[in-house]
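Take a look at the structure below.
What follows draws every value from the coordinates through simple rules; no lab data is involved. Everything numeric here is computed off the predicted structure, so don't read it as measured data. All Cβ positions, glycine included, derive from the backbone under ideal geometry; neighbour counts span all protein chains shown.
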Amino acid sequence: MREHMVLFITTFVLTLLAIFILIPVANRIGLVDKPHGRKQHVGAIPLIGGISVFTGVAITLSVFGLPGDTHWYYLLCGGTIVILGVFDDFLDLSVKIRLVAQVMIALVMMYGLQLYVGNLGDLFGLGAVGLGYVGIPFTVIAVIAAINAFNMIDGIDGLAGMLSGVSFVSLTLMMGIGGQLEHAVLPMVLVFALIPYLMFNLDLVGKGKGKIFMGDAGSMLIGLSVIWLLIVGSQSDSASFRPVTALWVIAVPLMDMVAIMIRRIRKGQSPFIADREHLHHIFLRLGLNSRQALVVITSLAAMLATIGVVGEYLMVPDLIMLLLFLLIFALYSMSLQYIWRITRFVKRYKAKQRAKKNS
Ligand SMILES: CC(=O)N[C@H]1[C@@H](OP(=O)(O)OP(=O)(O)OC/C=C(\C)CC/C=C(/C)CC/C=C(/C)CC/C=C(\C)CC/C=C(/C)CC/C=C(/C)CC/C=C(/C)CC/C=C(/C)CC/C=C(\C)CC/C=C(\C)CCC=C(C)C)O[C@H](CO)[C@@H](O)[C@@H]1O
Ligand SMILES: O=c1ccn([C@@H]2O[C@H](COP(=O)(O)O)[C@@H](O)[C@H]2O)c(=O)[nH]1
């Protein structure tokens, strides 16, 4: 435990140092996010969260190591996605380039881990549903889905950090309790790298001058890390949770992405065109401020992850856990369809309350 604490504190300090060093560098070279159109923040914000988190994690893992050698592949895939993300932050890469790079990363990841999603669990009570080699393309899709889900959810202060925090803590718990202690260290290292990031991202330090964003580099790194751990946790010989539980651990970003893609396709739009219709934007439109939206969405994610973890330990049958997940997704999608009506209702209700107060 003591040596793990050294690992965690080292990650925290290194990430913090990286942030201090990289803020002026980003300002000088123009690696900043300037407000325009759908980007409604204030000022030019350094896009160095992802590079800093990766620097902290990479140095710590390189110096202290982890059992086995898969962390070297994690650093290779993570480093590649961070470089891809930095190019994207600078140049706004095309969807094609991004997807090709993500497929390559997924393939290296499967090779490094010697694992892919080949087992969906006992979904129908008739024994494990095996995918055979179909598991390889399935894994590629799952990796792309996770990377882009976290990229899409990174739209208000703290959200990508807090939602991935929920996923990493759930993973640490399940891996720790489920006997994958050697794998439970990485998610906790990531949590300790996220803490300094969140301190700056949420303006808790720097008196308004130290704000930073993850950038595509950071949100994609987080998505990759989550799916990496989900595969290790659910697919290794020593698996500590069932594949269906993975859905609950990543529920909010996954639901947001799938729902928005369905909505865009139904409207005849490309699913790859950015907009301000994500879950966090909807809460802002409902009148919450960014902090309130952060608290509500993080609580929702924590609740869903808790259902997954509890379901795992109570051994609720896989099929029930899957159907419950799909039911919640259906309710979520339906309520989004009525969002305009709900928005109008909330606005009218608030106006009434205000009028009542004033009279
Ligand atoms: C474009 C956009 O929205 N932009 C945002 C964003 O702006 P930003 O500037 O940052 O970004 P850009 O605009 O520049 O660009 C963004 C990126 C792109 C444009 C590039 C590509 C974008 C994509 C959208 C790619 C998505 C591609 C896919 C291939 C995803 C397809 C997804 C699915 C079909 C979902 C299902 C996939 C799975 C494989 C399921 C599981 C997935 C997991 C991750 C968990 C995996 C774990 C396991 C270990 C196994 C799972 C085990 C099981 C038991 C599951 C098996 C079950 C079944 C098969 C039964 C069926 C059930 C399911 C399939 C589950 C389905 C899920 C649900 C129902 C939910 O950000 C801005 C800021 O916010 C924003 O403004 C802008 O709009
Ligand atoms: O911590 C954050 C992260 C993002 N935002 C806002 O969302 C957009 C999204 O940026 P992408 O480049 O599309 O990822 C960003 O420009 C900010 O306006 C935020 O406020 N806080």
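By counting other Cβ atoms within 10 Å of each Cβ, how are 52, 94, 290 ranked from fewest to most?
Lowest count first: 94, 290, 52.
Quick one: plug the Kirkwood hydrodynamic radius of segment 9-143 (C-alpha pairs) into Stokes-Einstein at 20 °C, 1.002 mPa s, and report D in µm²/s.
The calculation lands on 122 µm²/s.
How high is the FRET efficiency from residue 92 to residue 357, r the C-beta distance, R0 45 Å, rounded to 0.05?
Using R0 = 45 Å, I get an efficiency of 0.45.
Using mean Cβ contacts within 10 Å as the protection proxy, how do 265-274, 300-309 order, highest first?
300-309, 265-274
What does the charge count around residue 317 come to, taking other residues whose C-beta lies under 15 Å from its C-beta (Lys +1, Arg +1, Asp -1, Glu -1)?
With Lys, Arg at +1 and Asp, Glu at -1, the net is -2.
With an 8 Å Cα cut-off and a minimum separation of 6 or more residues, compute the relative contact order for the chain in percent.
21
At 0.36 nm per residue, and after removing the present C-alpha to C-alpha distance, how many nm does the segment from residue 339 to residue 327 gain when stretched out fully? Walk me through the intermediate numbers first.
On the way: separation 12, 0.36 × 12 = 4.32 nm, distance 1.82 nm.
Gain on stretching residue 339 to residue 327: 2.5 nm.
Where does the chain land at 222 nm, in deg cm²/dmol rounded to the nearest 500, when only DSSP H runs of n ≥ 4 count, each adding -39500 (n - 2.57), divided by all residues? Mind dumping the intermediate values first?
Numbers: 14 runs with 259 residues, N = 359.
Result for the chain, helices only: -24500 deg cm²/dmol.
When the chain is fully extended, how far beyond the present Cα-Cα distance does residue 83 get from residue 100, taking 0.36 nm per residue of separation?
4.7 nm
What net charge is computed for the residues neighbouring residue 50, neighbours being all others with C-beta under 11 Å from the C-beta of residue 50, Lys and Arg scored +1, Asp and Glu -1?
Counting the neighbours of residue 50, the net charge comes to -4.
Over the chain, how many pairs of lysines fall under 27 Å by alpha carbon, counting only those 8 or more apart in sequence or from different chains?
Lysine pairs, 8 or more places apart or on different chains, close enough: 15.
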